[in-house]
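Values quoted throughout were computed directly from the atomic coordinates according to the rules given, and no laboratory measurement underlies them. In this text, all values refer to a predicted model and were calculated from it rather than measured experimentally. Cβ placement follows ideal geometry from the backbone for every residue including glycine, while neighbour counts extend to all protein chains displayed.
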Amino acid sequence: MHSNFSKLRVLVLAGGPSAEREISLQSGAAVATALESRGHFVTRFDPRHEALTGVAAAAFDVVFVALHGRYGEDGTVQHQLELLGLPYTGSRPEASALAFCKSAAKRRFREAGVPTPAGIEFTSREPVDSIVSRVLAADGGILTNSAAATLVVKPDCQGSSIGVGFASSLDQLRTAIAESLRHDEAGLIEMAIPGEEWTVPFLDDEALPAIVIGTSRDFFDYEAKYLSDETRYEFPGDSPTRTSVTEIARQAVRALGVSGLSRVDLRVDPTGQPWVLEVNTVPGLTDHSLSPKSAAHAGIPFAEFCELNCLRAIAAQQQNRQNCSLEPDSTKIRRAS
């Protein structure tokens, strides 16, 4: 390991085999360009084409994980990097796997007292009509025959809103379940929370500015996230709601044990109550992505933000080995005055 951290040898992982491959390639390209602009030596690596096990670990100081979806967020690549002994950005394998599985994360949120919408788990092994019957029989009347409520149906292990559908009737519910099962063998049905869409990025336990998201689409879907120029982003001022959203988001991060860069997605209902939807352990880093917008609002330019993630990854590994050589303030979030 170099004693001078001004020039890092960084392996940027992007692409991969998941349904989010194209967004991952965009994130990785942005990260690589940003780090090169800071003078670092960057190698781009697409694990869809090459086996990570063949990487010469001694050639790199740190790995920047820009892999979204399966393999990149579910703990698989993190486990491989642990075996290589390389520092890497983001969460450890166990926390990654927990956050990526929506049903497991929801169970952990409930155990920790983190507010999260009511939900029902299902798998492809159960007939759709049986799933619908369980929804109708659920405590609290999640969906009645009069279809008074709206439900969200999600694949259990996917990201970027892939396979997500809404239902306010039994026919729509059956269709949404079938669509969800096209993307994963398990899924989750939740109460749709009316109100505002919020997100809070974190670097470890430190919150970056919360964002309120506005879209003319039915919800903050794949197009609104990555393609539309009409999506609106607002940084709210000090308020009890912002304080509450940030604190509940922090509780979610702690409940799952995630580290490094993460992003908590929430809904805030008309009463001002925040509800945690999920925690993303490898959030997007494209020009439409939320975490870079939040960092920039905090006075951290994108290139510095990427560098900061690398430095924190190195510091975390060294701390784990009880041999930290970085100055204590070198990885602190620095905000513009």
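Where does each of 33-45, 93-105 land if you order them by average Cβ count within 10 Å, highest first?
93-105, 33-45
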For every helix of n ≥ 4 consecutive DSSP H residues, a contribution of -39,500 (n - 2.57) applies; sum these over the chain, divide by its total residues, and give [θ] at 222 nm rounded to the nearest 500 deg cm²/dmol. -10500 deg cm²/dmol
Going by alpha carbons, how many degrees (0 to 90, nearest 10) lie between the helix axis of 302-320 and the longest principal axis of the chain? 80
Angle check, please: helix 240-256 long axis (alpha carbons) against the longest principal axis of the chain (alpha carbons), in degrees 0 to 90, nearest 10. 80
Net charge over other residues, Cβ less than 11 angstrom from the Cβ of Gly39 (K, R count +1; D, E count -1): 0
Where the Cα atoms of the chain are projected onto their three principal axes, how long is each span, largest first, in whole Å? 66, 45, 38
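Could you tell me what a quarter of the Cα convex hull surface of the range 237-292 works out to, in nm² with one decimal place?
Numbers: hull surface 17.8 nm².
Here the figure is 4.5 nm², rounded to one decimal.
Taking the chain, how many lysine pairs are there with alpha carbons less than 19 Å apart, if each pair must be eight or more places apart or span two chains? Numbers along the way, then the final one.
Details: Lys7/Lys332; Lys102/Lys154; Lys106/Lys154; Lys154/Lys225; Lys225/Lys293; Lys293/Lys332.
Within the chain, the lysine pair count is 6.
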Hey, fewest Cβ within 10 Å first, where do Glu73, Glu20 land in order? Glu20, Glu73
In sequence order, what are the phi-derived ³J(HN,Hα) couplings for the range 40-51 according to the Karplus relation 6.51 cos²θ - 1.76 cosθ + 1.60 with θ = phi - 60°, rounded to whole Hz, with x for glycine and proline? 7, 8, 10, 10, 8, 9, 10, x, 6, 9, 9, 7
Once the dipole of the chain is set up with Lys and Arg at +1 and Asp and Glu at -1 on Cβ about the Cα centre, which of Leu181, Pro47, Thr89 lies farthest towards its positive end? Thr89
